[in-house]
Amino acid sequence: MNLFRIPGQGRVDPTTPVEFTFDGKTVSGYKGDTITSALLANGIHLMGRSFKYHRPRGAVCAGSEEPNALVGTRRGAGQFEPNTRATVQEIWSGLEVTSQNRYPSLSFDIGAVNDRAYMLFSAGFYYKTFMWPKSFWDKVYEPFIRSAAGLGVSPSENDPDKYASRYLHTDVLVIGAGPAGLAAALSASRAGLRVTLVDENPEAGGTLISEPQTIIDGVPAWQWIDQTVAELISLGVRVMTRTTAIGYYHQNMVGLCEKLTDHLSSPNANMPRERLWRVRARQVILAQGALEKPLVFDGNDRPGVMLAGSAQTYLNKYGVRVGNNAVVVTSHDSAWYAAFDLADAGTKIQAIVDTRAEPAVELVAGAKSRSIRILSGYSATGTQGRLRIKSVRINPVINGKVGAPETLECDCLLMSGGWTPSLHLFSHTKGALTWDADMQTFLPDRKTEDCEIAGAGRGLWGIAAALNDGAAMGAVAARTLDKVATNTVYDVTNDRVGTGVSHTELPTDLDPGKARAFVDFQNDVTAKDLRLAVREGMHSIEHVKRYTTNGMATDQGKMSNMNGLNIAADALGKPQPKVGLTTFRPPYTPTSFGAFVGYHRGDHFDVTRKTPIDSWAEENGAVFEPVSMWRRARYFPQNGEDMDGAVSRECKTTRSAVGMFDASTLGKIEIVGPDAVEFMNRMYTNPWTKLAPGRTRYGLLLGDDGFIRDDGVIGRLSTDRFHITTTTGRAARVLNMMEDYLQTEWTDLKVWLTSTTEHWATIALNGPNARKLLEPFVEGQDISDQAFPHMSIVECTVAGFPARLFRVSFTGELGFEVNVPACHGRALWQTLWDAGQQYGICAYGTETMHVLRAEKGYIIVGQDTDGTVTPYDAGISWAIGKTKPDFVGKRGLERPDLVADGRKQLVGLLTQDGKTLLEEGAQLVLDANQPIPMKMVGHVTSSYHSDAVGRPIAFALLENGHNRVGETVYIPMPEGVISADVTGTVFYDPDGARLKL
Amino acid sequence: MMALTPEFTPGQLVSGDVVSVSLMAPVARFSLRLRAADIPAVSTAIGVDLPTRIGACAHHETVEVMCLGPDEWQIQTDANDSVRLINACAAIYAQVPHSLTDISAREVTISIEGPGAVDLLSIGCPRDIDKIAIGTGCRTVFDGVSTVLWRDGETRFRLDIWRSFAPHVIGLIQTGCAELAAQ
């Protein structure tokens, strides 16, 4: 068990063994292991199959950039996640891990036939193959591609986990807790700033964990990490581990995803799984380090082939040797040290194969002292082994000529093609990059945000360089924030500085067209694919990327982008910066949907506004409908009624007795000030000067384009005080529009606006019995028709509650609207309901309200208008004050297209058979026999069955409609053509006699 | 954890060591709007010096005022005091035009107290709570809903929420309390 574990080495907890399953088999590791480190400790390198060719793959790295070791993980019912990076996921007892993209098993996979046919699946294969015949696309190609696409299995159950989010403000946000980040956080926090330090790993330390031999100011690296973190915490620094900075947005807003429970075997049920942090930082320090690049050669993807730095990490962090018998192939000094560490730990290093002719003297000495064979000026040209590497083929390269091959047996191959500064977050800010020809890499250049880049992220190499740069950048950030900061200089011994060179694919003596030399491991893109893309005309890296899919997998090309660029640039014969680098986008690493959704699921998905009377409606069986953010009672079914039955009864009761309706959602704005009437005159189309206190008027609001925006009944309470009502959906927008005019155009007016929508509960009583019901409850006002005629308003007391009482009707019946403070809304409703029983009262909902108003020809803004309808079009030009000097929309109404003939105008429609109910939204034509496509001349905006009229009624917007009254229009429907007469819009009580009871 | 009633019955909603949340009893609440030049006259009339820095608060006996904008204040006081306030303002209206509008029933208030109060607010409020001094406040949002936040102490806050949005906001507050308790 754990044959490859070195007792006493690494940071796992040997006293806490952990067992989990991999493809059903129990695997043991220790607390602190990742899935990968535990598998490697057991000698298991084969962890998955590749996306396209189903090639056997193992972990190629030890970090979040892993392209190969993607597995399914299951933590419990509904808690399955595909494509978990095995190099990141910590193990706990009971974790279920499954390999992906294989059938029937990981070691024998039928899909691997793709690998033998690899010559067919070159870049652009899909574009070329599935072009013809065209008819095959829907039935054959598209379903085939769909089933083949995607890696892993999508979860099919509801996710039972909780997700959370928070806002955080900090002076300095340091991203990455390696040497540079730790030193930066120390500098900034010692200067007295609020500092937040985040790292995606379970513990701080970064590279220092893999370099335990380093001594910093006389303290061994691991001890230095512990004491530094302790000091940071004592200085009040928020140190957040398992926290990935996923995106860097405008004005130093950084998104963090903190993983809280994925590493726990039995987390508290109220604990969220992940928490999204929206951080606003005054200064950001990016200390993300550098990522190691693979070398590109035939067979560089076989299980057992791994980045040298990662092998060093497995050894020092987890105490795991990745093999017994290693060959190192490198173009960078760092891999030599990895080889030394492994050799010292007991792994046989067959050879260090360096592409460079003359490795540094001290490296050669180090290798010789360990009796390691040195092959300098060599290339790797192939590997052997089915499910694990068995040998590597190497050749000397002399004066550009590839010499005779030699085969070295091995069970693992450690490669290093150098290091790429991690500039993903910097790239999110649209910061400019500059090409460093010496280092053959991009470095950060012009900044667009308040940030600094420290350490290996800007091309510095070695622990001392990273520490000192971090300290300096922390001090820069502190000084920018007007703090005094000292530039700490660290004394570092046993630092391993070094250099390297960069390559395209390594030279080979074999046919390069047949080499399976992988650049993008996750998307199975080879060097050959990239060269083919260039040959086929892709000359920008953006085109090459899309044609080959290089760098387009979920790892965003962390390993592949630079190798891909080098090869494309070489194929084009241009320097790299002329070919360009693709843009990195958030998130930095794959992030769960849950983290983004946060609390907004289930009952908390979005705001549902409820009126004070909503609870009564619910208790009385109302069926609700959403109206903007509100939920409103749509109808109140009784004795198993369906909607039509309920609406028919509610309409009849209201017209014959009395109905009550919860109108609390109507927007309400209080307008106060000596210039209130002038403001009203300018805002609404109607004249207001002569409206006496105690009277109300229908108000019509236009946009400055002349189109109808809103309407409502407006009461004048006193000379200087108006009570405006708006439509339910537009209340906030109307108030904003008014404030906008007041604050920008009419600053001279002494008038103020206050939203009172929610202060008032509004109960509408309509019907011939409305006065009889209400009268006994009203104190301070005679509500007879003489004393309180239609369109009156008064402040009085209703059922003991302070009230604003309107005499108004949206049904055509005798009507009142009682406004009382919202806290009394339900009590008043109950009082009126109880008292109304003797008058045969019913509660009605929005559906009945719609029918009753349509019978009377009252429009609903937003249903019978759509933002292109003028008052003339809607037939309500009587609401325009013709003699007023100005109002919002007056000049808009004079535009030529608004006064032209042939505009769509609101008309009534009666289907000629007297029975057919039109469908809202149905299109109108003048000639049903014309060829398709027919000329459409309008559409139905409202349509209901009307008991009062005894037939269906409808409104429509019809081209030149006002002149077509009496004509016939046709409504072609799937079942056949319906014919309808064009009429006026008032279907019931055209003289309005019922209002005047 | 107690459920919020549809009638908004005042009382404790969450009790705990980390944070407790209560729905407070109703108060009289007004929106006051006026021009800067008229601040002294109105201050004299209502008996409280209107603060002029946005977010600043002033108190006198039962009256509390927060400055919400350059021409906007929120006033709250005991229900018994509201008539005095209305009459005081009405008396000077002819000389000093302004708007005093009753919004008592427009919103409800919850109190949030305890060592977890700041963390709890951070789940929905994008403001830097550390920068809101004790005895001041601000109009802000909580989970996208417009609210007025009062800071009464290091770990004591009040949050005014429009009625129809209150169940949404309080629901999230309760979720947050459970989350904080689990930490």
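Bear in mind these aren't lab numbers, they're just calculated from the coordinates by the rules spelled out. Computed from a predicted model, the values in this text were never measured in an experiment. Note that we place each Cβ from the backbone using ideal geometry, even for glycine, and neighbour counts take in every protein chain shown.
Peptides B:41-47, A:547-553, A:310-316, A:574-580 ranked from most to least packed, by the mean per-residue count of other Cβ atoms within 10 Å: A:310-316, A:547-553, B:41-47, A:574-580. Among the trypsin sites (Lys or Arg not before Pro) within region A:622-694, those in coil by DSSP and having at most 14 neighbouring Cβ atoms inside 10 Å are A:Lys690. Of the trypsin sites (Lys or Arg not before Pro) found in region A:456-527, not one falls in a DSSP loop while having at most 14 other beta-carbon atoms within 10 Å.
With helices as the sole contributors, the protein assembly as shown gives -6000 deg cm²/dmol at 222 nm; each DSSP H run of n ≥ 4 counts as -39500 (n - 2.57), and the sum is divided by every residue. Scalar couplings 3J(HN,Hα) for region A:375-387, obtained by applying the Karplus form with A = 6.51, B = -1.76, C = 1.60 to θ = phi - 60°, are 10, 9, x, 10, 10, 9, 10, x, 10, 10, x, 8, 9 Hz; x denotes Gly and Pro.
For peptide A:417-426, the mean count of partner chain Cβ atoms within 10 Å of a residue's Cβ comes to 0.
For region A:80-97, the Karplus equation 6.51 cos²θ - 1.76 cosθ + 1.60, evaluated at θ = phi - 60°, returns couplings of 9, 10, x, 6, 5, 7, 5, 7, 10, 5, 6, 8, 8, 5, x, 4, 10, 10 Hz by residue, with Gly and Pro reported as x.
Relative contact order for chain A: 9 percent, from Cα pairs under 8 Å spaced at least 6 residues apart, divided by residue count.
Any idea what the relative contact order of chain B is, in percent, if you count C-alpha pairs under 8 Å spaced at least 6 apart? Here the relative contact order equals 23 percent. If you plug the beta carbon distance of B:Ala36 and A:Met629 into 1/(1 + (r/R0)^6) with R0 = 41 Å, you get a FRET efficiency near 0.70. The relative contact order of region A:856-995 comes to 28 percent, based on Cα pairs under 8 Å that sit 6 or more residues apart. From largest to smallest, the equivalent ellipsoid semi-axes obtained for region A:488-586 from the alpha-carbon gyration tensor read 28, 18, 14 Å.
Quick check: from the Cα gyration tensor, does region A:856-995 come out rounded (a/c under 1.5), prolate or oblate? Can you show the working numbers first?
Working: a/c = 2.42, a/b = 1.34, b/c = 1.81.
Oblate, because a/c is 1.5 or more while a/b does not exceed b/c.
Taken as Cα centroids, region A:948-986 and region A:670-717 sit 33 Å apart, rounded to the nearest whole angstrom.
A:Ile233 to A:Asn736: FRET efficiency via 1/(1 + (r/R0)^6), r the Cβ-Cβ distance, R0 51 Å, to the nearest 0.05? Let's see the in-between values first.
Working: r = 46 Å, r/R0 = 0.91.
Here the calculated transfer efficiency is 0.65.
Site pair A:Ser265 and A:Thr747 shows an inter-label distance of 6.9 nm when each label is modelled 7 Å from Cα along Cα→Cβ.
With charges only on Cβ, +1 for K and R and -1 for D and E, what is the dipole size of the protein assembly as shown about its Cα centre, in debye, rounded to 20? Provide the component values of the computation, followed by the final result.
Working: 114 positive and 132 negative charges, 430 e Å.
Approximately 2060 debye in magnitude.
The distance separating the Cα centre of region A:543-605 from that of region B:44-114 comes to 55 Å.
Please compute the net charge surrounding A:Pro405, taking Lys and Arg as +1 and Asp and Glu as -1 over other residues with Cβ under 11 Å from its Cβ. Intermediate values should be presented prior to the final figure.
Working: positive: A:Arg393; negative: A:Glu406, A:Asp509.
Counting the neighbours of A:Pro405, the net charge comes to -1.
Per-residue 3J(HN,Hα) values for region A:21-38, derived from phi via the Karplus relation 6.51 cos²θ - 1.76 cosθ + 1.60 with θ = phi - 60°, read 10, 10, 6, x, 8, 6, 10, 10, x, 10, 4, x, 6, 8, 3, 5, 5, 5 Hz in sequence order (x marks Gly and Pro). Sorted fewest first by neighbouring Cβ atoms within 10 angstrom, B:Asp17, A:Asp109 come out as B:Asp17, A:Asp109. What is the mean number of Cβ atoms from other protein chains located within 10 Å of the Cβ atom of each residue in peptide A:755-763, rounded to a whole number? Partner Cβ neighbours, averaged per residue: 5. Per-residue extension of 0.36 nm, minus the Cα-Cα distance of A:Asp226 and A:Arg116, leaves a gain of 34.5 nm for this segment.
Enter the mean number of other protein chain beta carbons within 10 Å of the beta carbon of each residue in B:116-128, as an integer.
On the way: counts 0, 0, 0, 2, 1, 2, 7, 7, 4, 2, 6, 3, 6.
Across the residues of B:116-128, the mean count of other-chain Cβ atoms within 10 Å is 3.
If you put +1 on each Lys and Arg Cβ and -1 on each Asp and Glu Cβ, how big is the dipole of region A:667-853 around its Cα centre, in Debye rounded to 20? Display every interim value, and only then the final one.
Values: 17 positive and 22 negative charges, 64 e Å.
In total the dipole reaches around 300 debye.
The ellipsoid that matches the Cα gyration tensor of region A:517-573 has semi-axes, each √(5λ) in whole angstrom, of 16, 10, 10, with the longest given first.
Each other residue within a Cβ distance under 9 Å of A:Ala184 adds +1 if Lys or Arg and -1 if Asp or Glu, for a net charge of -2.
DSSP beta bridges in the protein assembly as shown, what fraction antiparallel, as a percent rounded to 5?
Working: 184 of 230 bridges.
For the protein assembly as shown, the DSSP antiparallel bridge percentage is about 80.
Among A:Ser427, A:Ser877, a tally of other beta-carbon atoms within 10 Å of each Cβ gives an order, fewest to most, of A:Ser877, A:Ser427.
Given DSSP loops and a limit of at most 12 other Cβ atoms within 10 Å, what is the longest stretch of chain A that contains no such GluC sites (Glu not before Pro)? With a cap of 12 other Cβ atoms within 10 Å, the longest stretch comes to A:158-744. Global dimensions of region A:667-853 from alpha-carbon coordinates: Rg and Dmax equal 16.8, 54 Å. Computed over region B:28-102, the range of Cα coordinates on each principal axis works out to 28, 28, 19 Å, biggest value leading.
Over all other residues within a Cβ to Cβ distance under 10 Å of B:Thr77, the charged ones net out to -2, with Lys and Arg as +1 and Asp and Glu as -1.
Taking region A:360-451 on its own, what percent of its Cα-Cα pair distances exceed 19 Å? Each step should come with its number before you reach the end.
Details: 2697 of 4186 pairs.
Summing the P(r) of region A:360-451 above 19 Å gives 64 percent of all pairs.
The shape of region A:17-117 comes out prolate: with a ≥ b ≥ c from the C-alpha gyration tensor, a/c is at least 1.5 and a/b beats b/c.
According to the square roots a ≥ b ≥ c of the eigenvalues of the Cα gyration tensor, what is the shape class of region B:111-183, taking rounded for a/c under 1.5, prolate for a/b larger than b/c otherwise, and oblate for the remainder? Oblate shape, in that a/c is at least 1.5 and b/c is the bigger or equal ratio. Taken over chain A, the ratio of Cα radius of gyration to 2.2 N^0.38 Å equals 1.25.
Between A:Gly323 and any residue 5 or more places off or on another chain, the built amide H atoms are never under 5 Å apart. Here's the picture: a label point sits 7 Å out from the Cα of A:Lys884 along the beta-carbon direction, and within region A:713-736 the residues with their amide nitrogen under 13 Å of it are A:714.
Please rank A:Ser93, A:Ser792, A:Ser234, fewest neighbouring Cβ atoms within 10 Å first, as an exposure proxy. Can you show the working numbers first?
Numbers: A:Ser93 13, A:Ser792 20, A:Ser234 9.
Ranked by crowding around the Cβ, least crowded first: A:Ser234, A:Ser93, A:Ser792.
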